[in-house]
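Each remark here refers to the structure printed beneath this line.
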């Protein structure tokens, strides 16, 4: 709304993890001009790791992609986040209800 348009041509999106297929599709549909991501996603990445939705030539929008920026730091932050989430979930399980 602040830009007065749903087209985000002049915007840069920064994310820690390579977008999945659904997110890559949303980036294309929103006409994001540039995507910068840190860690590659070997399980669901759609910017070249597993799929390459973001560079699909049949689509009508091109996104400039910069990959691997601070990849080690981003990967470490993601690992710590999910480790913390798993520990929180485990602490909520009552004994005998696993």
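Where only DSSP H runs of four or more residues are counted, the chain gives -10500 deg cm²/dmol as its mean residue ellipticity at 222 nm, each run worth -39500 (n - 2.57). Each Cα pair under 8 Å and six or more residues apart adds its sequence gap; the mean of these over the residue count of the chain is a relative contact order of 26 percent. The calculated FRET efficiency for residue 51 paired with residue 15, based on their beta-carbon distance and R0 = 22 Å, is about 0.85.
Cβ crowding within 10 Å, taken as a proxy for footprinting-reagent exposure, orders 86, 62 from fewest neighbours to most as 86, 62.
Inter-label distance, residue 71 to residue 84: 2.5 nm, where each label sits 7 Å from its Cα along the C-beta direction. Taking the 0 to 90 degree range and rounding to the nearest ten, how far is the long axis of helix 71-92 tilted relative to the main principal axis of the chain, both from C-alpha atoms? Tilt relative to the chain: about 40 degrees.
Since every read-out is calculated from the coordinates, none of them should be taken as a lab result. Computed from a prediction, not measured in an experiment: that's the story for all the values here. Cβ coordinates were reconstructed from backbone atoms using ideal geometry, including for glycine residues, and neighbour counts include every protein chain displayed.
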